[in-house]
Amino acid sequence: MQVRGCFGYRILLGLLRQKTKKQKMKDEFLMAAIAEAKKGLEEGGIPIGSVLVKEGKIIGRGHNQRVQKDDPMTHAETDCLRNAGRIGSYKETTLYSTLMPCYMCAGTVVQFGIKKVIVGESKTFPGAPEFMRSHGVEVVDLSDPECVEMMEKFIRDKPELWNEDIGVD
């Protein structure tokens, strides 16, 4: 694109600013999952959050409650689906999670026919994206800095609890 004169420069600068603004905007559903993760952390648990979205609306929310409920099965994704309740078909839903789902949660995604999973990050825990993809699930990893920082801090501060959560001795 050739820019001539001051007016052309201003137009180009305006377009660049718009693009930068859009890039900085965080997905509202990921923000809701992050809020769930922070809620879990405030309760003394592991900061992983999840929301289930159907037709542009959140129909379920949850966060990891393994510590709070003394229940090794209450991961963020399972808590979210439990809170969504019986909705019939899950095929038109999208599951958001701040962290890549583990094999247990990935199995739940596959079992219920959820076709899309959007995650905040997989840097701190690789999870089971290939398992989900091999069953026709679209997996999108946003590599969100806030999600990465939240998990890195938690792992640094509470390595024993983190290792328990992921099944490492």
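The values are calculated or read from the model by the stated rules, or taken from the named source; none is laboratory data. Since this is a predicted model, take the numbers as computed values, not measurements. Note: ideal-geometry Cβ built from the backbone for every residue, glycine included; neighbour counts use all protein chains shown. SASA here: full protein model, heavy atoms, side chains in, ligands and nucleic acids out. Shrake-Rupley method; radii C 1.70, N 1.55, O 1.52, S 1.80 Å.
When both residues are 6+ apart or on different chains and their Cβ atoms are under 6 Å apart, which pairs have a first residue that lies in the stretch 48-63 and is within 24 Å of LYS123 (Cα to Cα), and a second that is assigned to a loop (DSSP other than H, G, I, E, B) and open to solvent by less than 60 Å² (accessible area, probe 1.4 Å)?
Listed by first residue and then by second, the contacts come to ILE48/ASN64; ILE48/THR98; ILE48/LEU99; GLY49/THR98.
Sort out which residues of the stretch 25-47 are at negative phi, without any contact (Cβ under 8 Å) to a residue 40 or more places away in the chain and of a type outside the set (A, V, I, L, M), and write them in order of number.
GLU28, LYS39, GLY40, GLU42, GLU43, GLY45
Consider GLY62 against the criteria (1) among the small types (Gly, Ala, Ser); (2) buried (at least 21 other Cβ atoms within 10 Å of the Cβ); (3) at pLDDT below 95: it satisfies all of them except one. Which criterion is unmet?
Only one criterion is unmet by GLY62, namely (3).
Which condition number does PRO159 fail, the rest of (1) modelled with pLDDT under 95; (2) surrounded by 14 or more Cβ atoms within 10 Å (Cβ to Cβ) being met?
For PRO159, the failing item is (2).
Tell me, please, whether a residue that is farther than 16 Å from ALA76 by Cα, of a type outside the set (D, E, K, R), in a loop (DSSP other than H, G, I, E, B) and open to solvent by less than 60 Å² (accessible area, probe 1.4 Å) can be found in the stretch 129-149.
Yes - at least one qualifying residue is present in the stretch 129-149.
Under 6 Å between Cβ atoms, which residue pairs at least 6 apart in sequence (or on different chains) link something in the stretch 105-124 that is under 18 Å from LYS26 (Cα atoms) and open to solvent by 30 Å² or more (accessible area, probe 1.4 Å) with a partner that is in a loop (DSSP other than H, G, I, E, B) and modelled with pLDDT of 95 or more?
Sorted first by the residue in the stretch 105-124, then by its partner, the pairs are SER122/MET100.
Quick check on the stretch 145-153. Is at least one of its residues more than 30 Å from GLY85 (Cβ to Cβ) and touching an Asp or Glu at 6+ places or on another chain (Cβ under 6 Å)?
yes
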